[in-house]
Amino acid sequence: MQATFDNELVSRAVVQHDAAAFGELVRRHQSQVRNFLRKLTRDFVLADDLAQDSFVHAWDKLHTFSGQGSFIGWLLKVAYTTFLQSKRKSKRYDEILQQVGKEAVTSESSYGDSSDEITDLDKFLVVLNEEERAVMILSYGCGLSHREISDATEIALGTVKSIIFRGKEKIRKRFEISDHQYG
């Protein structure tokens, strides 16, 4: 139902240059895009800036959305591409990753504590490389299918499945989690 309505809004935005229709798409999906970018960058200000840039890029490229797959999958691909372009331009990303590593070491020691600030997903993501982190966020944080992740990241479907498997194994090993705890 939502996908059909999204496709109708995209059509109106593209064919009629209807900014209000695009505004509705932004309203419907901005939280998911921001949350994806926040988990990826661990920097709320940077993530919000990237989300805004992503929606500008999406408006410019909206005519390329073919209706194949979900609109949110396409939009997260735009957000991921925006993130990668930003990362290439900025040394700040490396500083953020170093800070995340320091925070993870601190939070790891209190892993048993319940903290509203740092979720299990945030703790787990620290042990993953950038590609694994992006794929795991798209899968477990955004709920995309393997096919949608493949489309968003331009990584082969089989490779996406392998990355998820390897990522889960890294997390299990690092945090000594048995298969029974997290499937």
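Any read-out appearing in this document is the output of simple, stated calculations on the displayed coordinates, not a laboratory observation. All figures in this text were calculated on a predicted structure; none of them were measured in a lab. Reconstructed Cβ throughout: ideal geometry from the backbone, glycine too, with neighbour counts over all protein chains shown.
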Output for Cβ contacts, cut-off 8 Å, separation at least six or different chains, first residue within 16 Å of Asp122 (Cβ to Cβ) in segment 132-150, second charged (D, E, K, R) and part of a loop (DSSP other than H, G, I, E, B), reads none
Note on segment 139-169: residues at positive phi and over 13 Å from the mean Cα position of the chain (by Cα) are Glu154
Residue count, segment 3-27, condition touching a residue at least 24 places away in the same chain (Cβ under 8 Å) and within 20 Å of the chain's Cα centre (by Cα), comes to 4
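Answer yes or no as to whether Phe22 is buried (at least 19 other Cβ atoms within 10 Å of the Cβ) and either on the phi < 0 side of the Ramachandran plot or part of a helix (DSSP H, G or I) (or both).
Details: buried (at least 19 other Cβ atoms within 10 Å of the Cβ): yes; either on the phi < 0 side of the Ramachandran plot or part of a helix (DSSP H, G or I) (or both): yes.
Answer is yes for this residue.
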- Any chance segment 3-19 includes a residue that's buried (at least 17 other Cβ atoms within 10 Å of the Cβ), within 17 Å of Gly69 (Cβ to Cβ) and not aliphatic (A, V, I, L, M)? yes
